[in-house]
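Have a look at the structure below before the remarks.
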Amino acid sequence: MDISSIVMPVLILGIFAWGLYKKVDILDTFCEGARDNLKTAVELLPTLTLLMLGVGMLRASGALDALTSLAAPLMQKLGFPEECLPLALLRPVSGSGALSILENVLNENGPDSFAGRVASVLMGSTETTFYTVAVYFAATRVKKSRQALPAALAGDLTAFALSALAVRLIFK
């Protein structure tokens, strides 16, 4: 038996035992937490819908392909693989869309190719910035993000710029 298969049951049993020990009404506490989280989920739904709609429109309209074609000559001069451009453009917006593009890059070029390695580094070193910021600020009801978005996008841009360089340096 693998230890990972018993971690969750032991953890849940431990929480249950602790609640009994502290004389907490476990069912009421659970229901109250579920109710609060359901309210949060309902409040986040418009934001998530907007993000998904935007990503769908970006891909379906051909705008993502147009942006990629426009930036391709410059990126080639900088040593960034053209195949990874859609990933770099979509990753800050959509994790699932970026994962789909990563899969395409890996299937077409192979995981050990330069493009496959750059895509993997890019995927691992960036975040779904707009999604994360939108969900976090919607959940906490913060109206002004101040420097959060520019700082997060600066991190994504840094990862974008250095991913090809890191792959070149590591896999000479």
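For region 89-100, give me each residue that is of a type outside the set (Val, Ile, Thr) and farther than 20 Å from ASP112 by Cβ. First the steps, then the outcome.
We begin by selecting, within region 89-100, every residue of a type outside the set (Val, Ile, Thr); these are 89-92, 94-100.
If the condition is that a residue be of a type outside the set (Val, Ile, Thr) and farther than 20 Å from ASP112 by Cβ, then LEU89, LEU90, ARG91, PRO92, SER94, GLY95, SER96, GLY97, ALA98, SER100 are the ones that fit.
Please identify the pairs in which a residue from region 114-133 that is closer than 20 Å to PRO150 by Cα has its Cβ atom under 9 Å from the Cβ atom of a residue that is in a loop (DSSP other than H, G, I, E, B) and of a type in the set (A, V, I, L, M), counting only partners at least 6 apart or on another chain.
That search, which allows pairs on different chains as well, returns THR128/VAL93; THR129/VAL93; PHE130/VAL93; TYR131/VAL93.
If LEU58 meets every condition in (1) under 30 Å from PHE171 (Cβ atoms); (2) free of Cβ contacts under 8 Å to residues at least 40 places away in the same chain; (3) within 18 Å of the chain's Cα centre (by Cα); (4) surrounded by 12 or more Cβ atoms within 10 Å (Cβ to Cβ) apart from one, which number is that one?
(1)
Conditions (1) polar (S, T, N, Q); (2) loosely packed, with under 14 Cβ neighbours inside 10 Å; (3) modelled with pLDDT under 90, marked per residue:
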| position | (1), (2), (3) |
| --- | --- |
| ALA134 | no, no, yes |
| PHE137 | no, no, yes |
| LYS143 | no, yes, yes |
| LEU162 | no, no, no |
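Of the conditions (1) surrounded by 13 or more Cβ atoms within 10 Å (Cβ to Cβ); (2) touching a helix residue (DSSP H, G or I) at 6+ places or on another chain (Cβ under 7 Å), GLU43 fails just one. Which one is it?
Failing condition for GLU43: (1).
Within region 98-113, is even one residue loosely packed, with under 11 Cβ neighbours inside 10 Å, assigned to a helix (DSSP H, G or I) and without any contact (Cβ under 8 Å) to a residue 60 or more places away in the chain? Break it down stepwise before answering.
Filtering region 98-113 for residues loosely packed, with under 11 Cβ neighbours inside 10 Å gives 107, 112.
Restricting the remaining residues to those that are assigned to a helix (DSSP H, G or I) gives 107.
Then keep just the ones that are without any contact (Cβ under 8 Å) to a residue 60 or more places away in the chain; that gives 107.
Yes: region 98-113 contains one or more residues that are loosely packed, with under 11 Cβ neighbours inside 10 Å, assigned to a helix (DSSP H, G or I) and without any contact (Cβ under 8 Å) to a residue 60 or more places away in the chain.
If the requirement is being touching a Ser or Thr at 6+ places or on another chain (Cβ under 9 Å) and either closer than 23 Å to ALA152 by Cβ or in a helix (DSSP H, G or I) (or both), which of these qualifies: VAL118, VAL10? Full working, then the answer.
Values: VAL10 fails: touching a Ser or Thr at 6+ places or on another chain (Cβ under 9 Å).
None of the others qualify; the one that does is VAL118.
The values are calculated or read from the model by the stated rules, or taken from the named source; none is laboratory data. These numbers were taken from a predicted model, which means no experiment stands behind them. No Cβ is skipped: glycine too gets one built from the backbone with ideal geometry, and neighbour counts run over all protein chains shown.
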